[in-house]
Amino acid sequence: MRMIKKVAAIGAVAALSLSACSGNAGDKSDGKSESASGGKDIGISLPQKTSENWVEAENYFNELCESSNLKCDVQFANDGVPQQQQQLDAMITNGVKVLIIGAVDGTSLGTQLQKAADAKIPVIAYDRLLLETKNIDYYVAYDNFGVGVKQGEALLKGLEAKKAGGPWNIELIAGSNDDSNSAKFFDGAISVLKPQIEAGKVKIVSGQNTQAQAATQGWKPENAQSRMDAILTQHYPGAAVPDGILSPNDTLARAALTSVEQAGKSPLPVVTGQDSELESLKWIMQGKQYSTISKPTKPLVENVVALAKELIAGKKDVAELNGIKVDAKQYNNKVKDVPSFLLTPVVATKDNATEVYKDEPKKLEVVKSATK
Ligand code: BGC
């Protein structure tokens, strides 16, 4: 009974913050009788709202399009891949000038991307890379491998602070397999943890050490929580408790912590996260969650819209965007090296939160009120 309540509590927070802003730019069009993306400049196709950053993105896209006098059609594929394919088909048919895509599944949009290429519509991958296609022009994202590296480093730092010198028992959680970012987060973190695992300082007690074993279908917290419940029952008998859990984002971090709490185990493990979700910022300030990653959505949206504007103006080979130089090598999508504009993620913990969020009033307020 208790467990059901807790899962519901996590879900409620997500639902609350996600439903607050479910409008779409297509809804508040200028009153002309046009279909959703008819006469629009930019088609913005986003995945499910599986974390707060996607909700923030919707708001910033709408705000920025309006203030820049751009007509944007912002759509979410809440029902998954077929819906995203249909939304893109419609945007292409309706003649948008640029597509910005955050894919549900980075490998599933080949037909739509070919259509876009045939219609000479430039394609920018937003946050998540589009894989196995030549029909992608740019990628704008936080460096996702870098996110993973920072999560791995934060985990080790937290473990060291908790139990100096180790050894440490840990578990791994990965994101959804269809999201191309999940492998980047996982590989980045493993690149840091591997030497410690090989040296015997870090032990993955369940033995579930591959991305496939650690994956969380659909980024759903209930999936991460039930997997962690099973791991605890099977591999942590009696008072045993993991010293740390690598979590790729905040929603799953809270699910993992809830699982440990409900198993009645203490102390709580060192748990990493990502996205600076408000609920997790509270948990961090309360000392429950160890870390998150700050990757503010606003500059990401500003950069991708700035790039879209350049492309609409007919510019080719954009080499620099608001001071960020194009990186031609780091992100290969299995067909080509995709010219990428990469922003730098930052780790946030209780110790540096006030500094990290100093320019984000809503987050800073949560940090400050949690410290009072
Ligand atoms: C984003 C993360 C987010 C996750 C789940 C990823 O592609 O980069 O910020 O936590 O999707 O929504």
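No value in this document is a laboratory result; all are computed from the given coordinates. Fair warning: this is a prediction, and the values are worked out from it, not measured in the lab. Here the Cβ positions follow ideal geometry from the backbone for every residue, glycine too, while neighbour counts run over all protein chains shown.
Which length gain, in nm to one decimal place, applies between Ser68 and Asp118 when the Cα-Cα distance is subtracted from 0.36 nm times their residue separation?
Working it through step by step, the gained length comes to 15.2 nm.
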Where a ≥ b ≥ c are the square roots of the eigenvalues of the C-alpha gyration tensor, would you call the range 177-237 rounded, which needs a/c under 1.5, or, failing that, prolate if a/b is larger than b/c, or oblate? oblate
Tell me the net charge near Leu64. Cut-off is 13 Å between Cβ atoms, Leu64 excluded, with +1 for each Lys or Arg and -1 for each Asp or Glu. -3
Can you list residues whose amide H is under 5 Å from Val270's amide H, if they're 5+ apart or on another chain and H is modeled 1.01 Å from N? Gly244, Ile245
Radius of gyration and Dmax for the chain's Cα atoms, expressed in Å? 20.9, 67
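The range 31-151: percent of C-alpha pairs farther apart than 21 Å?
35 percent
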Enumerate the calculated ³J(HN,Hα) couplings along the range 142-155 in order (Karplus 6.51 cos²θ - 1.76 cosθ + 1.60, θ = phi - 60°), each rounded to whole Hz, writing x wherever the residue is Gly or Pro. 6, 5, 6, 5, x, 4, x, 4, 5, 5, x, 5, 5, 4
First measure r as the distance between the Cβ atoms of Ser266 and Val81, then evaluate 1/(1 + (r/R0)^6) with R0 = 35 Å and state the FRET efficiency to the nearest 0.05. 0.25
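Hull surface divided by four, with the convex hull built on the Cα atoms of the range 215-372: how many nm²?
If you wrap the Cα atoms of the range 215-372 in a convex hull and average its projections, you get 12.1 nm².
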If the chain between Ala212 and Asn94 were fully extended at 0.36 nm per residue, the gain over the current Cα-Cα distance would be 38.6 nm
Using a simple charge model, +1 on the beta-carbon of Lys and Arg, -1 on the beta-carbon of Asp and Glu, nothing else, what dipole does the chain show about its Cα centre, in debye to the nearest 20? 780 debye
What residues qualify as long-range amide H neighbours of Val74, i.e. H under 5 Å apart, gap of 5 or more or another chain, H built at 1.01 Å from N? Ala25, Gly26, Ile44
Computed over the chain: longest principal axis from alpha-carbon atoms vs helix 81-93 long axis, angle to nearest 10 degrees, is 20 degrees
Taking a ≥ b ≥ c as the square roots of the eigenvalues of the Cα gyration tensor, with a/c under 1.5 meaning rounded and otherwise prolate when a/b exceeds b/c and oblate if not, the range 191-302 is prolate
Principal axis dimensions, the range 151-214 - Cα atoms, whole angstrom, descending: 37, 21, 17
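When DSSP assigns beta bridges and you keep just the ones with both residues in the chain, what percent turn out antiparallel, to the nearest 5?
Here the antiparallel bridges make up roughly 25 percent for the chain.
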Relative to the Cα centre, what is the charge dipole magnitude of the range 249-292, using +1 at the beta carbon of each Lys and Arg, -1 at the beta carbon of each Asp and Glu, and rounding to the nearest 20 debye? 180 debye
Farthest positive-ward along the chain dipole, Cα basis, beta-carbon charges - from Gln114, Leu129, Ser294: Ser294
What value, in deg cm²/dmol to 500, does the helix sum -39500 (n - 2.57) over DSSP H runs of n ≥ 4 give at 222 nm once divided by the residues of the chain? -14000 deg cm²/dmol
Label point distance in nm, Asp337-Asp351, each placed 7 Å from Cα along Cα→Cβ: 3.7 nm
Could you go through the range 306-313 in sequence order and give the Karplus-derived ³J(HN,Hα) for each residue, using 6.51 cos²θ - 1.76 cosθ + 1.60 with θ = phi - 60°, rounded to whole Hz, and x for Gly and Pro? 4, 5, 4, 4, 4, 5, 4, 6
Peptides 195-208, 64-77, 39-52, 157-170: what's the order by average Cβ count within 10 Å, highest mean first? 39-52, 64-77, 157-170, 195-208
Sequence order, the range 50-66: Karplus ³J(HN,Hα) from phi using 6.51 cos²θ - 1.76 cosθ + 1.60, θ = phi - 60°, Hz rounded, Gly and Pro as x, gives 7, 7, 4, 4, 6, 5, 4, 4, 4, 4, 5, 4, 4, 4, 5, 4, 5
For Asn333, distant residues with modelled amide H under 5 Å away: Val338
